[in-house]
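J.: Please find one structure pasted underneath; my questions will follow.
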Amino acid sequence: MNEKRYFILDGIRGFAVINMIIYHFIWDLVYIFRFDIPWFESEISYIWQQFICYTFIFISGFCEPLGTRKLKRGIIILGLGILIEIVTMIATPENRVRFGILTLLGSCAILIIPAKKFLEKFPSIFGLILSIALFLLTKNINDGYLGFNNLNLIKLPSNLYKNSITTYLGFPMPNFYSTDYFSLMPWIFLYISGYFSYQIFKRQGFLKYLKISKIKSLEWIGRNSLALYVIHQPLIYFLIILFL
């Protein structure tokens, strides 16, 4: 057994990957193949989708201190995100992905490298509380407000929402559309909360509990999550076509 591996993290990521594949399978049935699945547009489906996203982003931030060749990996992930954007805009423009989750994760991985000297000035607990607060405060900025979910606190100036750069940051331009939109804000704050959580786990000696291997199949999926993310949508589409 690899003693440097945190198998619990692999398992959590693997569980999120399985949920993602199932979610996207149903998404394809509903929005591409026009199956009538009413519950998929319900609050339950939204919570499910958010759980998947929160897990990936938080765990990515938590694992950031564990990685090697961080800049190279960040560039690879960002490049894959851009590649997916180009391919979907050419092949399926009606279901295009712009500024998707890989673009976000690659951006976070790159940006946190120069930001570490600043982040290290904060006590870990304070950093965690602050990053969670900023995430909650900015959760609704895509919709023009500061606030979280149904709680809109402050309406933001409309002139913030004007071009691709502002869209990438979190202020989508008029008529922007993407089936998988993860802007830098608010999600970078969730990523950073994962980063600070790792620091707390390390300081408190909790990391040793994450080395326990539980479900090897989930852990394998978690270790190969990037490759599975890249291939899962074309594979789902092919299988649906094959069996319909």
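J.: Quick one, could you list the DSSP H helices from the chain stretching 24 Å or more along their long axis (Cα atoms) with average Kyte-Doolittle hydropathy of 1.0 or above?
T.: Helices meeting the criterion: 7-31, 43-63, 70-91, 101-119, 225-243.
J.: With r defined as the distance between the Cβ atoms of L130 and S217 and R0 fixed at 51 Å, what FRET efficiency is calculated, to the nearest 0.05? Mind showing how you got there, number by number?
T.: On the way: r = 37 Å, r/R0 = 0.73.
Once the sixth-power term is evaluated, E becomes 0.85.
J.: Now for a different question. Of the listed peptides 116-122, 129-135, what is their order by residue-averaged count of other C-beta atoms within 10 Å, with the highest listed first? Intermediate results must be reported in sequence, preceding the final value.
T.: On the way: 116-122: 11.6, 129-135: 17.1.
With the highest mean Cβ count within 10 Å placed first, the list reads 129-135, 116-122.
J.: If contacts are Cα pairs under 8 angstrom and at least 6 residues apart, what is the relative contact order of region 47-181 in percent?
T.: Details: 140 pairs, mean separation 28.3, N = 135.
The value is 21 percent.
J.: Give me the accessible area of Y229, 1.4 Å probe, in Å² rounded to the nearest 10.
T.: Counting only protein heavy atoms, Y229 exposes about 40 Å² to solvent.
J.: Then there's this: Over 20 Å between C-alpha atoms is what I'm after, so list which of K4/K216; K4/K121; K116/K202; K117/K139 land there.
T.: Working: K4/K216 16 Å; K4/K121 27 Å; K116/K202 16 Å; K117/K139 26 Å.
Distance filter (> 20 Å) returns K4/K121; K117/K139.
J.: Would you mind calculating the relative contact order of the chain from Cα pairs under 8 angstrom and at least 6 residues apart, reporting the percent as a whole number?
T.: On the way: 325 pairs, mean separation 81.1, N = 244.
Worked out over the chain, it gives 33 percent.
J.: Two decimals is fine: what is log10 I(q)/I(0) at q = 0.18 Å⁻¹ for region 21-141, from a Debye sum with one equal scatterer on every Cα and no solvent?
T.: For the requested q values the scattering log ratios are -1.15.
J.: Please give the peptides 235-244, 166-175 ranked by average Cβ packing (other Cβ atoms within 10 Å per residue), highest first, as a rough proxy for protection. Mind showing how you got there, number by number?
T.: Details: 235-244: 11.5, 166-175: 16.4.
Top of the packing list down: 166-175, 235-244.
J.: Could you give the length gained by full extension between K208 and S42, i.e. 0.36 nm per residue of separation minus their alpha carbon distance, to one decimal place? List each step's numbers first, then the result.
T.: Values: separation 166, 0.36 × 166 = 59.76 nm, distance 3.95 nm.
Residue separation times 0.36 nm, minus the Cα-Cα distance, leaves 55.8 nm.
J.: Suppose every K and R has +1 on its Cβ and every D and E has -1 on its Cβ; what is the size of the dipole of the chain about the Cα centre, in Debye to the nearest 20? Numbers along the way, then the final one.
T.: Numbers: 23 positive and 13 negative charges, 248 e Å.
With only Lys, Arg, Asp and Glu charged at Cβ, the dipole is about 1200 debye.
J.: Ok, one more. Any idea of the accessible area per residue across the chain, 1.4 Å probe, to the nearest Å²?
T.: Value for the chain: 57 Å² per residue.
J.: Give me the percent relative contact order of region 130-206, please, defined on Cα pairs under 8 angstrom at least 6 residues apart.
T.: On the way: 93 pairs, mean separation 21.9, N = 77.
Reported relative contact order: 28 percent.
J.: Right, another one. Skipping prolines and chain starts, which residues have an amide H placed within reach, meaning under 5 Å, of the one on Y145, given they are 5 or more residues away or on another chain?
T.: Correct list: L156.
J.: Starting from the Cα coordinates of region 110-162, work out the convex hull volume and express it per residue in Å³. Each step should come with its number before you reach the end.
T.: Details: hull volume 6.0 nm³, N = 53.
So the per-residue Cα hull volume is 113 Å³.
The values are calculated or read from the model by the stated rules, or taken from the named source; none is laboratory data. Just so we're clear, the structure is a prediction, and the values are computed from it rather than from any experiment. Every residue, glycine among them, receives a Cβ derived from its backbone with ideal geometry; neighbour counts consider all protein chains shown. SASA here: full protein model, heavy atoms, side chains in, ligands and nucleic acids out. Shrake-Rupley method; radii C 1.70, N 1.55, O 1.52, S 1.80 Å.
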